[in-house]
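One structure is given below, encoded as structure tokens.
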Amino acid sequence: MTFGRSVNDVRNDLRNAQDYIRVIEAILVAANDAHGVLDVVLLASGQPAARRALEERYGLTEMQATAVLDMQVGRLNALDVAEFERHRQELVERVATLTAELAAR
């Protein structure tokens, strides 16, 4: 437990970690169906249409679909995907720690 931090600071850290988990999860969805994601993007009339199509096809939020569109295609290789998965697990553990910290206050 980290002392000296305000409850608001802990809540902000928790919210940021949860948001980042959602982004990583969207990237992992894209990695698992990279060809499908590319098809959606290539067939869309523009970036807003591609974002909406990704949201509909994969059940992504606007933030997640935007993250998928903003990422470099080269990051979909096996090594980077493994790194995303490792980082996601670290964030899940961080969320658990922050949640416990808030519960203890």
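The values are calculated or read from the model by the stated rules, or taken from the named source; none is laboratory data. Everything numeric here is computed off the predicted structure, so don't read it as measured data. So basically every Cβ, Gly included, is an ideal-geometry build from the backbone, and we count neighbours across all protein chains shown.
Worth pointing out:
- Total residues in the stretch 64-82 satisfying the condition of being in a helix (DSSP H, G or I) and surrounded by 13 or more Cβ atoms within 10 Å (Cβ to Cβ): the figure is 10.
- Flag for GLU56 being in a helix (DSSP H, G or I) and either modelled with pLDDT under 95 or under 19 Å from TYR20 (Cα atoms) (or both): no
- ARG105 falls short on exactly one of the conditions (1) modelled with pLDDT under 95; (2) in a helix (DSSP H, G or I); (3) farther than 19 Å from ARG22 by Cβ, and that condition is (2).
- Some residue of the stretch 42-51 being surrounded by 15 or more Cβ atoms within 10 Å (Cβ to Cβ), free of Cβ contacts under 8 Å to residues at least 40 places away in the same chain and charged (D, E, K, R): yes
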